[in-house]
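A quick write-up on the structure given underneath.
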Amino acid sequence: MISIMSRSELLLTNGSFYHIYNRGINGVNLFYEERNYAFFLQKYGLYLHEVLDTYAYCLLGNHFHLLVKIKDVFPINLTGLEDLSGLKTGLHNPDRIVSKRFSDFFNCYTKSINSNRNRTGGLFETPFRRIQVDDDKYFTQLIRYIHFNPQKHGFVDNFREYQHSSYHSHLANSPTKLAREQVLEWFGNANKYKEFHSSELDETDYSKFIIEM
């Protein structure tokens, strides 16, 4: 079953999987230069690696997709900019730590883009969209869909040519914060992973991956 969450519903901190999506306000670009992609991933890792595991991602001009697993146990002393132990309301409630981390990440990235682009105001739509993933078939197809997005949107003729998704990172040997081993094990091995990505995704299946804005 696929659970589409309301905007106010908490991300469950019990090892739950989510398809998370966000875009620029009114469709504005999130990435203007090549270095923006690396900066986005760097800050994403800084703010969120302690509270979730990332299984797949794709960064496109004005939006991004993530497949993540919320950790069910966080480090006792989370690194970062703020101690949430004494804060009890809104995003500062300890039960909302993951949403707070996303908020801090978006704010950090926005400040950098605004400074470099001489712009002001928000950059990301709020709140970010999420779908709980609790179906094996959906999980499997979602990884392929996320990687296929650049081809779907016309960025490239073949999604394998796109450099800002986790497709090649899953097949590389370099160090990564991705849950690479878990993904390859899920498909069986690297060859079966590539084979599955070569199979066709029926256009009629797209609707279940789309998060309405």
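Roughly how many whole Å is it from the C-alpha centroid of the range 46-74 to that of the range 105-165?
10 Å
Which pairs in the list Lys111/Lys177; Lys69/Lys100; Lys71/Lys192; Lys69/Lys177; Lys71/Lys177; Lys137/Lys177 are over 18 Å apart, alpha-carbon to alpha-carbon?
Lys111/Lys177; Lys71/Lys192; Lys137/Lys177
If packing is taken as the average number of other Cβ atoms within 10 Å across a peptide's residues, how do 138-147, 182-191 rank, most packed first? Intermediate results must be reported in sequence, preceding the final value.
Working: 138-147: 20.0, 182-191: 13.6.
Descending packing order for the listed peptides: 138-147, 182-191.
Computed FRET efficiency, Cβ-Cβ of Asn26 and Asn191, R0 41 Å: what is it to the nearest 0.05?
About 0.45, to the nearest 0.05.
Just subtract the alpha-carbon distance of Cys108 and Ala172 from 0.36 nm times their residue separation and send over the number in nm, one decimal.
20.2 nm
Each reported figure results from applying straightforward, stated rules to the coordinates on display, with no laboratory input. Predicted model, so just to flag it, every value in this text is computed and none were measured. In this analysis, Cβ positions are derived from the backbone assuming ideal geometry, glycine residues included, and neighbour counts consider all displayed protein chains.
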